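Okay, structure first, notes after.
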Amino acid sequence: MRSFTDALTSLLGKSTSIRRRILIAVSAVYLLCSGITVSWIYLEVRHEVDELFDAEMIQQAKTLAVIVAEPARLQLTTSKGQSLVVPSLQQHSYEDRIAYRIEALDGSWQVLTEGVPDAATVPFQTGFTTYQGEQLWHVFGMLTADGQSRILLLQEDEFRAELRSDLAIDTIFPVLLLLPLMLWLGWLAIHRGFKSFARLAQQLRLRSNNNYAPFPLVDEGEEVDLVKRSLNHYLARIEQSFAREKRFSADAAHELRTPLAALKVRLQRLQERPPSNFQQEITELLESTNRIINLVESLLTLAKVEGQLELTDTCDLAKVWRQVLADNYARIEAKQLHTEIHLEASCKRAGAASYWYLLCNNLLDNAIKYAPAQSSIQLTLEQHQMLLCNPVDSQHQLDITRLTERFYRGKQLHVQGAGLGLSIVAHLATQLQVDPEFSYHDQRFCVQLYLR
């Protein structure tokens, strides 16, 4: 069985066609099952044939006991003969494959067929036995009813083997005869079943480069629909990736145009001014350069968080917030902001600590930027929610519905930033399975995140 499995695996491994592999595998399984079936049938037939011939030998021995044994005893006793040999008639090929020996218990007389083994070769034994000479013989011995004679009936095994072979051949021949037909029908069925995949491959080859429309799910089989669903999901992800890249390119080109133009103007002004007036221009150039750097970093961060994040890791949000507060301590002190912080001792959530840090840092960065100097910021972290609130200047107007739009800054254009912070927060919240909620009442802006 192991060698058959190894041979089948080797044969399938050399074939690159799935249809051919299926056909070979089905044919091999068919032959294996047929072989097991034929072997089982042969063993059953062999057993039944032996049972049948054993029963026939018993009946023949009984017949000999009644018809031959008693008359032979009387005849040979009266004539004082010792042995009577029944010659072969040579009328049938099976004639010499059946023999018998009838004899007195004291050996005073016997009747036997020509060529039967003598008592020294095959001694009498009641019941069924076997004798192995040039051929295998099945032997049955019994005593007559009067107990004065004994009968030994012999039957050559080849007589039975021929019948067994004929029955086995008659069984296996239809199996082998049907194999070519089964292979042909199987090939047609498999070829027809794979036509759906051929049509799908043709549709893929003919598609244009910018066509990301999903494949329609028609009734072409469960396997084809499964492939189409996977392709549709993959195409949707590719389309989203290209859309993000286009948005990134468009946003970068749009937002970098203004600071780069300002940088160019200042450089031109430097060419026209004496060296003594360079200090103010250099300061402005550094501010423009820093703005470009911050904008590029924000765009790259936004492009990164728009992708799919892995949630296999876990982190402690309380620990993340403590790190964020420590990193922004200097900025908080610079604006003389007061902080009211209430953090849980520990708050475990799914997601890498780096992504949670990015979300929390953008929230706090937004609060520090837009909170007036000497005002207060409130931060609360509980097991199922976090809340961050900061006051906003009374002159500013906020449109809550547009807060997560890219580059939206309301009328607070004097505040340094690119308007991407809350957009990054919204994307991170979606990826980290957090539900954000923004509110603005009485010149106070709050971000509440419900933790799942």
If you go through region 140-152 one residue at a time, how many are touching a Phe, Trp or Tyr at 6+ places or on another chain (Cβ under 8 Å), hydrophobic (A, V, I, L, M, F, W, C) and either modelled with pLDDT of 90 or more or closer than 15 Å to ARG73 by Cβ (or both)?
2
Where residues in region 343-364 are surrounded by fewer than 18 Cβ atoms within 10 Å (Cβ to Cβ) and touching a residue at least 40 places away in the same chain (Cβ under 8 Å), which of them is nearest to PRO391 (Cα to Cα)?
ALA353
Positions within region 149-175 being of a type in the set (A, V, I, L, M, F, W, C), in contact with a helix residue (DSSP H, G or I) (Cβ under 7 Å, 6 or more places away or on another chain) and part of a strand (DSSP E or B), in sequence order
ILE151, LEU153
Return the residues of region 99-140 that are part of a strand (DSSP E or B), crowded, with 16+ Cβ neighbours inside 10 Å and among the aliphatic types (A, V, I, L, M); say none if nothing qualifies.
ALA99, ILE102, ALA104, VAL111, LEU112, VAL139
Does region 85-126 hold any residues that are within 27 Å of LEU163 (Cα to Cα) and in contact with a Lys or Arg (Cβ under 6 Å, 6 or more places away or on another chain), and which are they?
LEU112, VAL116
List the strands (runs of 3 or more DSSP E) inside region 311-373, counting only whole elements, that have at least 1 residues being modelled with pLDDT of 90 or more.
314-316, 338-343
Select from region 176-231 the residues that are of a type in the set (Ser, Thr, Tyr), surrounded by 11 or more Cβ atoms within 10 Å (Cβ to Cβ) and not in a helix (DSSP H, G or I) and list them in ascending order.
TYR212
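Here's the yes/no breakdown for (1) more than 23 Å from GLN336 (Cβ to Cβ); (2) of a type in the set (Ser, Thr, Tyr); (3) modelled with pLDDT of 80 or more:
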position: THR380; (1), (2), (3): no, yes, yes
position: LEU388; (1), (2), (3): no, no, yes
position: PRO391; (1), (2), (3): no, no, yes
position: TYR408; (1), (2), (3): yes, yes, no
position: LEU413; (1), (2), (3): yes, no, no
position: ASP435; (1), (2), (3): yes, no, yes
position: PHE438; (1), (2), (3): yes, no, yes
position: VAL447; (1), (2), (3): no, no, yes
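The values are calculated or read from the model by the stated rules, or taken from the named source; none is laboratory data. Keep in mind the model is a prediction, meaning the values are calculated, not measured. Positions of Cβ are generated from backbone atoms using ideal geometry, with glycine treated the same way; all protein chains shown enter the neighbour counts.
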